[in-house]
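One structure is given here, and the rest of the page talks about it.
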Amino acid sequence: MTSWKHTPAPSLALALILSGCGQTPTTPDDPQAAANPTTETEPSGDALPSPDGASTEPATAANDHTSDLMPAELTAEAERGEKGARNLLLSFGRAIELGKFDQAWAMLSPADQKKWSKTDFAALFADMSKITVSLPDGTIEGAVGSLYYSAPVIISSQSKDGRPLRIEGKAVLRRVNDVDGATPAQLRWHFHTLTLDWTH
């Protein structure tokens, strides 16, 4: 990632341009500007799409301004369909890309948390660097009293010595249909099963 340090030029022309934009020009003699130089960072990496299809910032630790990557709450209407399922799945993928494996593990089902302890789950990615998670569109199927959303999960990276690495699997999410007596937790999409297998 490349960064540039921007030092304001003291020329009259620049001062006029900045004042026309509603900005106050600074000079190298300004102690506040000297104490707080502006650093511009060029983004890099691939962004996971947001649940509504809009792009997001690239998923890198450098521009992650939140420590909580658990899925945001949606309206009841949005939560019912694919948007609600993608909301959870994309949050899971972003946590993996940012190396926040504890948060990704916390989204898993109790059965998968027994299959992988928190330590074991993090160990799956221990040799990976520059992780990219691909989450293609899935399908929704109905069953008695529930909806299931199934989607592929592809985690690609390179090892610390430069070898390509790839894990493929499948995520199955579930939510209970709008039936009397269903709890708020049951009405939200949650992980039902997750499979992950090394392909190379």
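The values are calculated or read from the model by the stated rules, or taken from the named source; none is laboratory data. Nothing here was measured: the structure is a model prediction, and the numbers come from that model. Because the Cβ atoms are built from the backbone with ideal geometry, glycine has one as well, and the counts that use them run over all protein chains shown.
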- Message: Whether any residue in the stretch 89-98 is closer than 19 Å to ARG174 by Cα, at pLDDT 85 or above, among the aromatic types (Phe, Trp, Tyr) and in contact with a Lys or Arg (Cβ under 8 Å, 6 or more places away or on another chain) is what I want to check.
- Response: no
- All positions within the stretch 161-176 that are of a type outside the set (Asp, Glu) and in contact with a strand residue (DSSP E or B) (Cβ under 6 Å, 6 or more places away or on another chain): PRO164, LEU165, ARG166, ILE167, GLY169, LYS170, ALA171, VAL172, LEU173, ARG174, ARG175, VAL176
- Message: closer than 23 Å to ASN87 by Cβ and polar (S, T, N, Q): is that true of THR195 in this structure?
- Response: yes
